[in-house]
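**Student:** What follows is a single structure, and I will ask about it in a moment.
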Amino acid sequence: MEFPKRYEPESVEQKWMKVWDDSKLYRFDPDSTDKVYSIDTPPPTVSGKMHMGHAFANSQQDFIARYKRMRGFNVLQPFGTDDNGLPTQLYIEKLKKVRAGKIGRSEFVKLCLETLEKELTPKFLLDWKRLGISCDFDVSYCTINSHCRRISQKSFLDLHKMGRAYRKEAPAMWCPSCMTAVSQVELEDKEIASHFNDIIFKAGDDDVVIATTRPELLPACIAVFYHPKDERYKHLSGKELSVPLFGFSVPVMADERVDPEKGTGIVMCCTFGDQTDMEWQKQYDLPIKTALDKSGRMTEICGKYKGMKIKEARDAMISDMKEQGLLIKQKPIVHAVNTHERCGTEIEFVHSKQWFIRYLDLREEMLEWGTELEWFPKHMKNRYDNWVKGLSWDWCISRQIYFGIPFPVWYCKSCGHEILAKENDLPVDPLVDSPPVKSCPKCNGTEFAGESDIINTWATSSLTPTIVKELFKGRPAYRHLAKNPMDVRPQGHDIITFWLFNTVVKSKLHFKMLPWRHCFINGWILDPHGKKMSKSKGNIIEPQTVIQKYSADILRYMCATSKLGEDLAFPEKELIAGKRFINKLWNAAKFCMMNLEGYDAKKHARPAEMRLIDRWMLSRLNSVIKESTESFDEYEFSRCKAAAEKFFWSEFCDFYLEIVKDRLYNKDSYKKADHLSAQYTLYETLLSLIKLFAPFTPFITEEIYQMYFAANEKEKKSVHVSSWPGCDAELINKEADLAGALASFVIAEARKAKTAENASLKTPVKLIAVKAKLPKAVFMKIEEDMKAATAAERIEYTQLDDSSKIEYECEVEV
């Protein structure tokens, strides 16, 4: 048998990527009655190519998929893409040099689907396949295709029937940059430098100083509030104050929500500066004034400031108040401001009609739903709980952008009555399609306007379990998924409040059951300095570059070093360690396979007579298999990798292979049973090791498996559909473990002594004097192997008393 001298990862990985793809190795069988392991895979946004965050998270997800497949599960690991909403709109507009609004929604959706199908998705998928991600790429969806549009619109209709989807004219959180409403889940707190501006309001001839960070909202001031127990302002009760620069009067009122310690202890209420402003306006039936339009510019009520952008108006008003003596002090502050996570723009509140899902009444139930889930790692549940406890808005699901899934709603032009689409007609586009009625059931009007807003992308992405289930309608897989939650949702900790929370809500509202049993929460891959990677910082590390320089297996190896849920600063040293590991595995496998030539595993069961040192190796192997299996079952893949790799390096390669060489090279000097014992141990250990490493480094393990083991195993197709190694508890033997540990110690001491004398490791040793607690009769069983591994002429052994404080002691005479 001839083996390549060097392992060539590029050619090997390309070869097996094609073989797996062509053979549909990772196909999910929707008609099988085998036990299913289902993964609600995160659908990435198609933006050209995989980024390092994708590589990190998807590798960790794939470790579990590969492990479960080897455990005999029919693994459902679909591949979806999230192609609906603003990111895709902007990307396609830039790529195709078009404007969505000019060519029409239907044509733009068609353009997107064609571009995705023919140009983007195939290249995008290649990155996932190149990394060795074992999805069934034929079980696929994109969130803007007709399948997903129908499911998303049906979800809306069902929620409307439940009385949970409603449209209301109300203050909504608004991004002036993206020109759309946003929901609470899309907010990101950002520390921003600003000023407390102490401004003079007039109460007749008296001055009342109010501190504000938003002087540009003065034209929308509708009242002034103080705390009812604040003696400084009680005399103002029932009076009116004149608003600086604008001269109109507003009432002074008392309310316990005012913080007497903040600013000057008296505040202006504007429509709308924040949540409290909204509550006051509603409670006290105050008027609504709109100072900002949807583009973030000042409106007509702002007088000479009309048309200015927010910061421009703020600076102009401050300058004018300084000139008029109405600004008496400015205090620099840094405070947390709500921004749109998509673009970083500060959020404003705009009075407009929006669609909401009512769920604030379910907060107690939401906390219970979180408890019903199993969280890995457990502490990630805190993020879910904190989010639920902090909810203060119903879920705003309408967006004022052009591209996305439209609401299946028309409005009567005469009375505004809502006309909903029929379920059988879905998906619909109300800007193109006609409503299902000829006349309004409320006023008999015959003219209708289609809803122009689109459904927020998270309201569709939160339906991924349903989207996947519906792909199998009428088949056993559908019946299984309809009755049972999926097994696991893998995702990043940063979108617990986005994707995870909303998926739980949708599943509970629609199906009265959890969407999955387990939450698998991965961390972030950061730059080498622990900073988030971004184009603006210039610290992007591309997985394609890493794969080209090292290999896909090595990148996956690196991703397995991080515990689930932990952020990882990009560790170049782990790539170097991964390269060493791949080379060592290849060389160790070559050594084993060359010395297994002629060995027929099908004919040889475990020998009845085995050397103690071989039983040590099998004992340790089965202990590692047990630990690795238990770790994978708890999603602790990094612990499995660490245990298997430590055993591979520190016991199998460093000691066992050295110990067994003499029996393999000089088999005529040993009994046939001793040689067979060595070969059996080599075969079983190497086969088990490549199976333990297969989820992490799928390419090299497949190459080794196909070079030798496939012909000897019943499961010839691939290591990745072979059986995960089972732990034989009968082989775990304390006596063998102690003997092997002593042998390793003695060999290590002999190596040290030779190195100290600058002697070759092959140099004979005159004498090794060993002291240990191991019974002498047991020691005698490993003496010959130690002599062979150390080239010792003589070994003297002294058995220590069990009460001795010394575990091992060894003197070597070179």
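**Student:** Once you have the Kirkwood Rh of the stretch 503-577 from its Cα pairs, apply Stokes-Einstein at 20 °C and 1.002 mPa s and quote D in µm²/s.
**Tutor:** Taking Rh from Cα pairs, D becomes 146 µm²/s.
**Student:** Can you work out ³J(HN,Hα) from phi for every residue in the stretch 632-645, in order, using Karplus 6.51 cos²θ - 1.76 cosθ + 1.60 and θ = phi - 60°, giving whole Hz and x for Gly and Pro?
**Tutor:** 5, 5, 9, 6, 8, 4, 5, 6, 4, 4, 5, 5, 5, 6
**Student:** Right, something else. D255's amide H: which non-local residues (gap 5+, or another chain) put their own amide H closer than 5 Å, with H modeled 1.01 Å from N in plane and none for Pro or chain starts?
**Tutor:** Those qualifying (amide H under 5 Å, at least 5 residues apart or on another chain) are Y226, H227.
**Student:** Please report how far the C-alpha centroid of the stretch 404-471 lies from that of the stretch 206-250, rounded to the nearest whole angstrom.
**Tutor:** 45 Å
**Student:** Structure shown: which of K35/K641; K129/K549; K646/K754; K68/K532; K18/K549 lie over 22 Å apart, alpha-carbon to alpha-carbon?
**Tutor:** Details: K35/K641 26 Å; K129/K549 17 Å; K646/K754 25 Å; K68/K532 32 Å; K18/K549 20 Å.
Flagged as over cut-off: K35/K641; K646/K754; K68/K532.
**Student:** Report, by chain and number, residues whose modeled amide H sits under 5 Å from the one on I540, excluding near sequence neighbours (fewer than 5 apart, same chain).
**Tutor:** Long-range HN contacts for I540: S534.
**Student:** Nearest 10 degrees is fine. How inclined is helix 363-372 to the longest principal axis of the chain, computing both from alpha carbons?
**Tutor:** With both axes taken from Cα atoms, the answer is about 10 degrees.
**Student:** Provide the three semi-axes, in whole Å and in decreasing order, of the ellipsoid equivalent to the stretch 1-83 as defined by the square roots of 5 times the Cα gyration tensor eigenvalues.
**Tutor:** 26, 21, 12
**Student:** Extending each Cα 7 Å along its Cβ direction at D433 and I288, get the distance between those two points in nm, one decimal.
**Tutor:** 3.1 nm
**Student:** When the accessible area of the stretch 118-227 is computed with all protein chains present and a 1.4 Å probe, what percentage of it is carbon and sulfur?
**Tutor:** Roughly 48 percent of what the probe reaches on the stretch 118-227 is carbon or sulfur.
**Student:** Between the stretch 755-814 and the stretch 251-288, how many Å separate their Cα centres?
**Tutor:** So the two Cα centres are separated by 84 Å.
**Student:** Starting from the Cα coordinates of the chain, work out the convex hull volume and express it per residue in Å³.
**Tutor:** Residue-normalised Cα hull volume stands at 223 Å³.
**Student:** Whenever you get a sec, compute what percent of the accessible area on the stretch 434-592 sits on carbon and sulfur atoms (1.4 Å probe).
**Tutor:** 51 percent
**Student:** Can I ask one more? Rank-order 210-220, 687-697, 383-393 by packing density, defined as the average count of other C-beta atoms within 10 Å over each peptide's residues, highest first.
**Tutor:** 687-697, 210-220, 383-393
**Student:** Okay, moving on. How much of the pair distance distribution for the stretch 111-224 lies past 23 Å, counting alpha-carbon pairs only, in percent?
**Tutor:** Every Cα pair in the stretch 111-224 considered, those over 23 Å come to 66 percent.
**Student:** In Å, what Rg and Dmax follow from the Cα atoms of the stretch 515-673?
**Tutor:** 20.6, 69
**Student:** Still on this structure: Could you report the chain's accessible area per residue, 1.4 Å probe, as an integer in Å²? Let's see the in-between values first.
**Tutor:** Numbers: 36000 Å² over 814 residues.
Solvent-accessible surface per residue comes out at 44 Å².
**Student:** Hey, another quick one. Please give, to one decimal in nm, the separation of the simple spin-label points placed at E713 and S237, each 7 Å out from Cα toward the Cβ.
**Tutor:** Taking the simple label geometry, E713 and S237 are separated by 8.3 nm.
**Student:** Here is a further query. Using just the helices of the chain, give the 222 nm mean residue ellipticity in deg cm²/dmol: DSSP H runs with n ≥ 4 each add -39,500 (n - 2.57), and the total is spread over all residues, rounded to 500.
**Tutor:** So the calculated ellipticity at 222 nm is -11500 deg cm²/dmol.
**Student:** With every protein chain present, what accessible area does C142 have (1.4 Å probe, heavy atoms only), rounded to the nearest 10 Å²?
**Tutor:** It works out to around 20 Å².
**Student:** Let me ask something else about it. Take the Cα atoms of the stretch 157-222, find their three principal axes, and give me the spread along each one in whole Å, biggest first.
**Tutor:** Sorted from largest, the Cα extents of the stretch 157-222 read 59, 31, 18 Å.
**Student:** Could you tell me what % of all Cα pairs in the stretch 553-629 have separations over 16 Å?
**Tutor:** Details: 2100 of 2926 pairs.
When every Cα pair of the stretch 553-629 is considered, 72 percent fall beyond 16 Å.
**Student:** Compute the acute angle (0 to 90°) between the alpha-carbon long axis of helix 672-693 and the principal axis of greatest extent of the alpha-carbon atoms of the chain; round to the nearest 10°.
**Tutor:** In the chain, helix 672-693 runs at an angle near 10 degrees to the longest axis.
**Student:** Once you keep just the Cα pairs under 8 angstrom separated by 6 or more residues, what percentage relative contact order results for the stretch 605-715? Intermediate values should be presented prior to the final figure.
**Tutor:** Numbers: 71 pairs, mean separation 35.0, N = 111.
Over the stretch 605-715, the number comes to 32 percent.
**Student:** Can you list residues whose amide H is under 5 Å from V139's amide H, if they're 5+ apart or on another chain and H is modeled 1.01 Å from N?
**Tutor:** F79
**Student:** On the accessible surface of the stretch 718-791, probed at 1.4 Å, how many percent belong to carbon and sulfur atoms?
**Tutor:** Numbers: 1920 of 3480 Å².
So the carbon and sulfur contribution to the accessible surface is 55 percent.
**Student:** What list of ³J(HN,Hα) couplings, whole Hz, do you get for the stretch 400-406 from phi and the Karplus terms 6.51, -1.76, 1.60, once you set θ to phi - 60° and write x for glycine and proline?
**Tutor:** Per residue, the Karplus-derived 3J(HN,Hα) values read 9, 10, 7, 9, x, 8, x Hz.
**Student:** What list of ³J(HN,Hα) couplings, whole Hz, do you get for the stretch 17-25 from phi and the Karplus terms 6.51, -1.76, 1.60, once you set θ to phi - 60° and write x for glycine and proline?
**Tutor:** For the stretch 17-25, the Karplus-derived couplings read 4, 5, 4, 4, 5, 5, 8, 6, 4 Hz, x marking Gly and Pro.
**Student:** If r is the Cβ-Cβ distance from K329 to E364 and R0 is 45 Å, what FRET efficiency results, to the nearest 0.05? Mind showing how you got there, number by number?
**Tutor:** Values: r = 46 Å, r/R0 = 1.01.
Between K329 and E364 the formula returns 0.50.
**Student:** Could I ask something else about it? In µm²/s, what is D for the stretch 663-814 at 20 °C and 1.002 mPa s, where D = kT/(6 pi eta Rh) by Stokes-Einstein and Rh is the Kirkwood radius from Cα pairs?
**Tutor:** Estimated diffusion coefficient is 118 µm²/s.
The values are calculated or read from the model by the stated rules, or taken from the named source; none is laboratory data. Predicted model only: the values in this text are computed from it and were never measured. Every residue, glycine among them, receives a Cβ derived from its backbone with ideal geometry; neighbour counts consider all protein chains shown. Areas reflect the complete protein model, heavy atoms only, side chains present, ligands, DNA and RNA absent. Shrake-Rupley method; radii C 1.70, N 1.55, O 1.52, S 1.80 Å.
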